[in-house]
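Novice: Pasting in a structure now, in structure tokens, and then I'll have a few things to ask.
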Amino acid sequence: MAISHKPGRDDAWEGEVVDKSRGMLDGANMYHFVEVRLTGGGTERFRVGRRLWKEVEAGDRIVKRPGADPVKE
């Protein structure tokens, strides 16, 4: 069973971008990921939209609030 890295609508987190990557996991669609060092500790990999992926770099801060998409701060 595959694990979805896409944040849920009601999820909330914030942190600093550590790394970003992309890949064609299913051979047809390009998926964009950011690895985030969370403010509460630990790191997590999240799937994000292409626009945000192109906008952020390592060291940037991003926030995901409930009911909203992740944004760069």
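Novice: Using just the Cα positions, wrap the chain in a convex hull and report its mean projected area in square nanometres, one decimal place.
Specialist: Details: hull surface 20.5 nm².
For the Cα atoms of the chain, the hull's average projected area reads 5.1 nm².
Novice: Could I ask something else about it? Leaving out ligands, DNA and RNA, and with a 1.4 Å probe, what % of the accessible surface on the chain is carbon or sulfur?
Specialist: Values: 2340 of 5000 Å².
Carbon plus sulfur share of accessible area: 47 percent.
Novice: Please calculate how many Å² of accessible area the chain carries per residue, with a 1.4 Å probe and no DNA, RNA or ligand atoms counted. Walk me through the intermediate numbers first.
Specialist: Values: 5000 Å² over 73 residues.
About 69 Å² of surface per residue is accessible.
The values are calculated or read from the model by the stated rules, or taken from the named source; none is laboratory data. Predicted, not measured: the structure shown is a model, and the values here were computed from it. Side chains are part of the model used for accessible areas, which takes the heavy atoms of the whole protein and leaves out ligands, DNA and RNA. Shrake-Rupley method; radii C 1.70, N 1.55, O 1.52, S 1.80 Å.
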